[in-house]
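Pasting a structure here, questions to come.
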Amino acid sequence: MTQHSLNKTERKAAFSLASVFGIRMLGLFLIMPVLAVYAQAYPDYSPLLVGIALGAYGLTQALLQIPLGMASDRIGRKPIIIGGLVVFVLGSIVAALADSLVMVSVGRALQGVGAIAAAILALAADLSRDEQRPKVMAIIGMCIGLAFAVSLVVGPLLGGIIGLSGLFWFTAATGVLGIVVLVISVPQVVTTSARRESLPVASELKKLLKHKQLWCLNSGIFVLHAILTAWFVTIPTQLQSAGFESQTHAWFYLPTLAASVVLMVPMIIRSARNNSSVQWLRASIAILIISLATVFYAGESAVWLVAALVVFFTGFNFIEASLPSLLTRIAPAGSKGSASGIYSTSQFLGAFVGGVAGGWVLQNYQTSGIVVFCLILLLCWFVISFLMKNPESVTSLSVATPNLTKDKAIRLSEQLLTITGVKEARWVEDDQATYLKVDKKAYDEKAVNELLSALRTGE
């Protein structure tokens with residue numbers, strides 16, 4: 001096995017943790033394509049309550065994402081993940097037994113209390129070498145995207161057979177399955193101190209909130225998930241009005257998603273090849289605006305609705321795949337964990353705000369009101385995107401630099417910055433490590449190793 005490949009432990013960790021994460025996200029996403037239809041059977045039905053039920057998990061996720069990630073450093077990754085999955089199962093049971101939309105919302109909020117994303121990513125970091133960690137994280141990220149796509153297809157199919165209550169019982173079962181997979185398949189590891197590339201650090205959060213480029217990204221993921229959740233308050237009923245019965249929605253979403261992926265892939269390739277991520281991001285925001293404007297003017301036409309959704313998911317999938325990559329390249333050296341914590345919090349908060357606002361707007365201004373609401377958010381984001389710049393193509397590295405005084409650490413960072421390919425160097429006393437951002441094409445690894453060797457021998 002070469003250093004360029006995942007070893008047995010890393011492969012096992014990557015796929016088992018991706019399965020746990022994907023199972024849980026599938027449970028959260030599964031009701032999105034069907035709730036607006038089946039919720040009409042509850043005695044307290046209203047569009048506002050539908051929106052609250054859709055987005056409730058986002059509020060609790062947003063509140064607990066960072067605290068539970070930090071807690072996993074103190075009491076262990078697996079206890080936090082298992083506890084989160086247990087709460088997720090309890091929330092699913094509450095929603096399954098609910099006789100009102102209010103109690104469904106309570107169940108959804110409980111599902112979100114099990115905010116285990118940061119702990120899973122930290123465990124993945126604990127179980128992988130620095131040079132292989134991006135591959136492990138990519139596998140987990142792909143599994144999350146797959147969970148969303150599968151939920152759009154499986155949700156309507158299962159819903160037509162077992163109903164909304166049955167879907168929640170199904171998600172409870174998936175939570176139990178997640179615990180089994182975690183216990184049986186995920187390798188044992190001793191929890192290490194906070195890895196700044198995977199976990200948030202409290203002292204960094206305030207500074208990162210003021211980082212202009214990161215602020216633009218956080219605003220973007222907030223808007224993206226706000227409009228997604230807001231639109232799903234009404235998409236299922238729009239499809240019904242266009243002549244698609246709820247049980248056939250799966251066969252509508254499947255080709256729609258497939259077509260959007262085919263259109264998205266060339267965009268990803270072009271943006272990476274030309275280092276033009278921001279320009280393609282801006283174009284994708286415009287694509288979302290066009291898709292929603294099409295819905296606004298086309299009314300209930302089935303053909304135009306299908307076309308609009310293909311265009312929408314093309315832009316959505318591109319942005320969803322691109323923003324984490326931009327985050328990694330923009331976040332200061334050694335601060336990726338903290339930047340990711342704020343990013344995830346913004347994402348889940350967007351889902352909550354989108355659900356609640358979408359439900360209220362639908363209740364008072366019908367479907368056209370939701371489209372206008374989403375268009376306003378997108379136009380604001382489009383303007384904000386002009387503040388963004390294409391980041392340099394860099395890779396994050398960390399090197400152990402123990403027992404340094406502050407003066408020696410400052411001199412080391414200055415010397416590292418003179419080496420070809422080193423763009424950023426930052427020593428972190430708590431970690432006894434120096435975090436680097438380097439241009440891999442020009443990076444003089446030999447010179448860095450010689451400098452560190454001289455430092456260790458006291459020359």
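The values are calculated or read from the model by the stated rules, or taken from the named source; none is laboratory data. What you are looking at is a predicted structure, and each value in this text was computed from that prediction instead of being measured. Methodologically, a virtual Cβ is constructed for each residue, glycine included, from the backbone with ideal geometry; neighbour enumeration extends over all protein chains shown. These accessible areas exclude ligands, DNA and RNA; they are computed on the full protein's heavy atoms, side chains included. Shrake-Rupley method; radii C 1.70, N 1.55, O 1.52, S 1.80 Å.
Considering only residues of region 159-173 that are on the phi < 0 side of the Ramachandran plot and open to solvent by less than 40 Å² (accessible area, probe 1.4 Å), which is nearest to the chain's Cα centre (by Cα)?
Of everything passing the filter in region 159-173, 171 is nearest to the chain's Cα centre (by Cα).
Exactly one condition in (1) over 30 Å from residue 280 (Cα atoms); (2) open to solvent by less than 20 Å² (accessible area, probe 1.4 Å); (3) of a type in the set (S, T, N, Q) is false for residue 237; which is it?
(2) is the only condition that residue 237 fails.
Inside region 163-264, counting only helices (runs of 4 or more DSSP H) that do not spill past its ends, which hold 3 or more residues that are outside the structural domain of residue 301 (by the TED database)?
Once the helices (runs of 4 or more DSSP H) in region 163-264 are filtered for at least 3 residues that are outside the structural domain of residue 301 (by the TED database), nothing remains.
Select the strands (runs of 3 or more DSSP E) contained entirely in region 367-459, then report the ones holding at least 2 residues which are open to solvent by 40 Å² or more (accessible area, probe 1.4 Å) and not basic (Lys, Arg). Give the derivation first.
Details: elements: 395-400, 422-428, 433-438.
In region 367-459, the matching strands (runs of 3 or more DSSP E) lie at 395-400, 422-428.
Please list, ordered by first then second residue, the pairs with beta carbon atoms under 6 Å, 6 or more apart or interchain, first in region 216-242 and under 26 Å from residue 387 (Cα atoms), second open to solvent by 10 Å² or more (accessible area, probe 1.4 Å) and in a loop (DSSP other than H, G, I, E, B).
Here the result reads 216/388, each pair linking region 216-242 to a residue that is open to solvent by 10 Å² or more (accessible area, probe 1.4 Å) and in a loop (DSSP other than H, G, I, E, B).
Please work out which one of (1) within 18 Å of residue 61 (Cα to Cα); (2) open to solvent by 50 Å² or more (accessible area, probe 1.4 Å); (3) of a type in the set (Val, Ile, Thr) is the condition residue 75 fails and give its number.
Of (1) within 18 Å of residue 61 (Cα to Cα); (2) open to solvent by 50 Å² or more (accessible area, probe 1.4 Å); (3) of a type in the set (Val, Ile, Thr), only one is false for residue 75: (1).
Table: residues versus (1) open to solvent by 40 Å² or more (accessible area, probe 1.4 Å); (2) part of a helix (DSSP H, G or I); (3) touching a residue at least 40 places away in the same chain (Cβ under 8 Å).
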| residue | (1), (2), (3) |
| --- | --- |
| 268 | yes, yes, yes |
| 281 | no, yes, yes |
| 284 | no, yes, no |
| 300 | yes, no, yes |
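Pairs, please: C-beta under 9 Å, at least 6 apart or cross-chain, first residue open to solvent by 80 Å² or more (accessible area, probe 1.4 Å) and in region 174-193, second polar (S, T, N, Q) and modelled with pLDDT under 95?
Close Cβ pairs satisfying both conditions: 177/19; 184/16.
Please enumerate the residues belonging to region 112-127 that are over 12 Å from the mean Cα position of the chain (by Cα) and either outside the structural domain of residue 29 (by the TED database) or open to solvent by 10 Å² or more (accessible area, probe 1.4 Å) (or both).
Across region 112-127, the qualifying residues are 113, 126, 127.
Looking at (1) under 23 Å from residue 26 (Cα atoms); (2) surrounded by 17 or more Cβ atoms within 10 Å (Cβ to Cβ), which one does residue 214 not meet, given that it meets all the others?
(1)
Out of the residues in region 4-46 that are over 25 Å from the mean Cα position of the chain (by Cα) and assigned to a helix (DSSP H, G or I), which is farthest from residue 351 (Cα to Cα)? Let's see the steps before the verdict.
Step one: list which residues in region 4-46 are over 25 Å from the mean Cα position of the chain (by Cα), which gives 4-5, 7-8, 37-46.
Still in the list and also assigned to a helix (DSSP H, G or I): 8, 37-41.
Working: 8: 37, 37: 19, 38: 20, 39: 19, 40: 21, 41: 24 Å.
Restricting to residues being over 25 Å from the mean Cα position of the chain (by Cα) and assigned to a helix (DSSP H, G or I), the top hit is 8.
So residue 360 clears everything in (1) touching a helix residue (DSSP H, G or I) at 6+ places or on another chain (Cβ under 8 Å); (2) surrounded by 22 or more Cβ atoms within 10 Å (Cβ to Cβ) except one condition, right? Which one?
Here residue 360 clears every test but (2).
Restricting attention to region 414-433, report how many residues are in contact (Cβ under 8 Å) with a residue 12 or more places away in the chain and either touching a Lys or Arg at 6+ places or on another chain (Cβ under 7 Å) or farther than 25 Å from residue 199 by Cβ (or both).
First pass over region 414-433, keeping only residues in contact (Cβ under 8 Å) with a residue 12 or more places away in the chain: 415-416, 419-433.
Remaining after also requiring either touching a Lys or Arg at 6+ places or on another chain (Cβ under 7 Å) or farther than 25 Å from residue 199 by Cβ (or both): 415, 419-421, 423-424, 428, 431.
Residues that pass the stated criteria total 8.
Which of the residues spanning region 393-449 are among the polar types (S, T, N, Q), modelled with pLDDT of 80 or more and under 30 Å from the mean Cα position of the chain (by Cα)?
Listed by number, the list holds a single entry, 434.
Output the residue which, of all residues in region 302-327 that are open to solvent by 40 Å² or more (accessible area, probe 1.4 Å) and farther than 13 Å from residue 277 by Cα, is modelled with the highest pLDDT. Full working, then the answer.
Step one: of region 302-327, the residues open to solvent by 40 Å² or more (accessible area, probe 1.4 Å) are 303-304, 306-307, 311, 320-321, 324-325.
Filter once more, keeping what is farther than 13 Å from residue 277 by Cα: 303-304, 306-307, 311.
Details: 303: 84, 304: 87, 306: 85, 307: 89, 311: 93.
Looking at the filtered set, the residue picked out is 311.
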